[in-house]
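Taken together, the values in this text are just the output of simple stated rules run on the coordinates, not laboratory data. Predicted model, so just to flag it, every value in this text is computed and none were measured. All Cβ positions, glycine included, derive from the backbone under ideal geometry; neighbour counts span all protein chains shown.
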Amino acid sequence: MGAMPDPKSDQSGRPGHPEDARLKEARDRVATVGWMLVALQFLLIIALLVVPWRRSASALWPPDATAVFGVLFILAGLVVALLGLTRLGSALTPTPVPLQGMALRTDGIYSWVRHPVYSGILLAGLGFTIAVGSLWQVFVWVLLVVFFVGKSMWEDLLLSEVHGVTWYEYADHTGGLIPMPWRRG
């Protein structure tokens, strides 16, 4: 019976090969960026909720048109985000870094938009801004949009590296944050 391969060696059997260390450093860097993005995302969402409101929660009753539309957008956003989260199943991670060996999700809500969780958060944030927002909420919501555009582009890059041609074919006919039904084929 042959000896078990050393898990610290590369496929050529050379222990601690420099390329192994570089790959680990690159993976660690990507993971760190992923966690930093998660932290920034939560800070922006908290900022959206705590900056001064145009009107107090008690002033939302009886509701006017902006309160009603805002609440409808919040509910729609939560549904979209929840559909995205549940469809990911075992591929769900707290960071935008894709898990190795997981299939690319392209059905359900993912057949309409590549980043439904981000889309749902943005839609709910827009609803909150419409319902109670001041110019501060509008400013923070715009920052959240810019943030999610950048985060989704970075995640798309990671997904394209993992899934290759499959991801490119999917991205060609599926919008990133906004559904693009005219591109569906």
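What to note about this one:
- Among 93-102, 114-123, the peptide with the highest mean count of other Cβ atoms within 10 Å heads the list, and the full ranking is 114-123, 93-102.
- Counting neighbouring beta carbons within 10 Å and listing from fewest to most, the residues S90, S111 come out as S90, S111.
- Amide H within-cut-off set for G175, under 5 Å, with H built and near neighbours excluded: R114, M180
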